[in-house]
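Have a look at this one.
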Amino acid sequence: MTIDFEGAKINFSSEGEGNPLVLLHGFLEDIRIWNDLAKELKKERQVICIDLPGHGKSEGFSDVHTMAEMANAVKKVLDEIEVENISIAGHSMGGYVSLEFLNNFPKMVKSIMLINSTPVDDSVEKKKAREKAVELVSKNKKAYINMAIPNLFSRESKVKFCPEIEDLKNRAMKMEVKNIQAALRGMKIRTNHKSLLRSASIQKAIVAGEEDPILDFNELKSIAEECDCNFYATENGHNSYIEDAYNLRKNMHFID
């Protein structure tokens with residue numbers, strides 16, 4: 001299904017009945033990362049998966065896709081299917097969008113789960129890395145994707161999940177350069193939402209990978225304690241929906 005947002009088509013799926021759960025993928029991903037998880041969860045609830053702007057089958061609409069604009073696209077989808085109260089879970093960039101949604105539409109959110117994601121904004125060093133990535137992807141998209149995606153996995157997972165990594169790379173190669181850049185620019189300027197997460201009086205959870213090469217496990221554990229979030233550790237890297245799918249599925253039942 002699709003809706004129009006800022007002149008762009010936004011693709012989404014909605015399956016099952018019961019308490020609505022919105023699943024938001026990360027950077028360079030699409031709704032297909034949730035296929036196995038959604039297949040189980042839709043037996044007991046409504047599961048809504050959305051291709052964020054410029055990803056999957058959703059079109060881009062700007063040189064910068066801010067997290068707030070992505071959250072507005074999510075809101076437009078929910079308005080279209082007449083859903084008012086949700087649980088929301090986001091992987092990596094999808095977690096940033098989930099927090100922005102909570103910030104802008106707090107009365108709609110019953111619970112939130114950040115999967116391999118953080119409420120903290122980019123450091124100066126990380127912002128510089130985003131700028132370099134914008135340049136690299138314009139020069140050689142394939143080289144950037146071939147570097148970026150495998151680097152999300154733990155050393156062991158790079159071997160164990162080689163076919164899945166190739167599949168992710170092939171999907172990412174279908175993205176337009178301008179949309180990859182728009183997401184990078186949007187993540188670079190995102191808001192620090194740690195105080196929002198701390199003050200939100202809803203169910204909250206953080207899922208963190210012990211060998212995540214992108215996000216520091218111990219820092220996320222400390223944030224979870226500080227913000228009164230349930231904390232779930234997975235054994236591998238940044239992409240727990242592949243690397244530790246069983247435990248992620250088990251922990252998702254936290255969201256009601």
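Among (1) at positive phi; (2) in contact (Cβ under 8 Å) with a residue 24 or more places away in the chain, which single condition is Glu82 missing?
Only one criterion is unmet by Glu82, namely (2).
Moving on to the next point. Find all pairs meeting these conditions: Cβ atoms under 9 angstrom apart; at least six residues apart or on different chains; first residue within the stretch 205-219 and assigned to a loop (DSSP other than H, G, I, E, B) and modelled with pLDDT of 95 or more; second residue among the hydrophobic types (A, V, I, L, M, F, W, C) and surrounded by fewer than 22 Cβ atoms within 10 Å (Cβ to Cβ).
Pairs found: Glu210/Phe217; Glu210/Ala233; Glu211/Phe217.
Looking only at residues that are small (Gly, Ala, Ser) and under 22 Å from Glu243 (Cα atoms) in the stretch 115-167, which one is surrounded by the fewest Cβ atoms within 10 Å (Cβ to Cβ)?
Initial filter on the stretch 115-167 (small (Gly, Ala, Ser)): 117, 123, 129, 133, 138, 143, 148, 154, 157.
Now drop any that are not under 22 Å from Glu243 (Cα atoms), which leaves 117, 148, 154, 157.
On the way: Ser117: 27, Ala148: 18, Ser154: 21, Ser157: 24.
Ranking the candidates gives Ala148 first.
Failed condition for Ala38, given (1) touching a residue at least 60 places away in the same chain (Cβ under 8 Å); (2) touching a strand residue (DSSP E or B) at 6+ places or on another chain (Cβ under 8 Å), with all others met?
The single condition Ala38 does not satisfy is (1).
For Asp51, all conditions in the list (1) under 19 Å from Asn104 (Cα atoms); (2) buried (at least 23 other Cβ atoms within 10 Å of the Cβ); (3) touching a Ser or Thr at 6+ places or on another chain (Cβ under 8 Å) hold save one; what is the number of the exception?
It fails just one condition, (1).
Report, by residue number, each residue of the stretch 146-204 that is assigned to a loop (DSSP other than H, G, I, E, B) and farther than 23 Å from Met67 by Cβ. Steps first, please.
Going residue by residue through the stretch 146-204, those that are assigned to a loop (DSSP other than H, G, I, E, B) are 149, 153-154, 161, 173-176, 189-193, 200-202.
The answer is Phe153, Ser154, Phe161, Met173.
Which numbered condition in (1) touching a residue at least 12 places away in the same chain (Cβ under 8 Å); (2) of a type outside the set (Ser, Thr, Tyr); (3) under 26 Å from Arg190 (Cα atoms); (4) surrounded by fewer than 22 Cβ atoms within 10 Å (Cβ to Cβ) is the only one that Lys43 fails?
(3)
Condition check: part of a helix (DSSP H, G or I) and over 11 Å from the mean Cα position of the chain (by Cα). Does Arg45 satisfy that?
No: the conditions fail for Arg45.
Does the stretch 21-32 contain at least one residue that is more than 27 Å from Glu166 (Cα to Cα) and either in contact with a Cys (Cβ under 7 Å, 6 or more places away or on another chain) or assigned to a strand (DSSP E or B) (or both)?
Within the stretch 21-32, one or more residues are more than 27 Å from Glu166 (Cα to Cα) and either in contact with a Cys (Cβ under 7 Å, 6 or more places away or on another chain) or assigned to a strand (DSSP E or B) (or both).
So, in the stretch 78-100, how many residues would count as being touching a Gly at 6+ places or on another chain (Cβ under 9 Å), over 13 Å from Leu196 (Cβ atoms) and assigned to a helix (DSSP H, G or I)?
Number of matching residues: 3.
Which pairs do you get when a residue that is touching a residue at least 24 places away in the same chain (Cβ under 8 Å), found in the stretch 130-146, comes within reach of a residue that is of a type in the set (Asp, Glu), reach meaning Cβ atoms under 8 angstrom, with the pair 6+ apart or on two chains?
Filtered contacts from the stretch 130-146: Arg130/Asp122.
The values are calculated or read from the model by the stated rules, or taken from the named source; none is laboratory data. From a predicted model like this one, the values you see are computed outputs, not experimental measurements. Ideal geometry is used to build each Cβ from the backbone, glycine not excepted, and the neighbour counts take in all protein chains shown.
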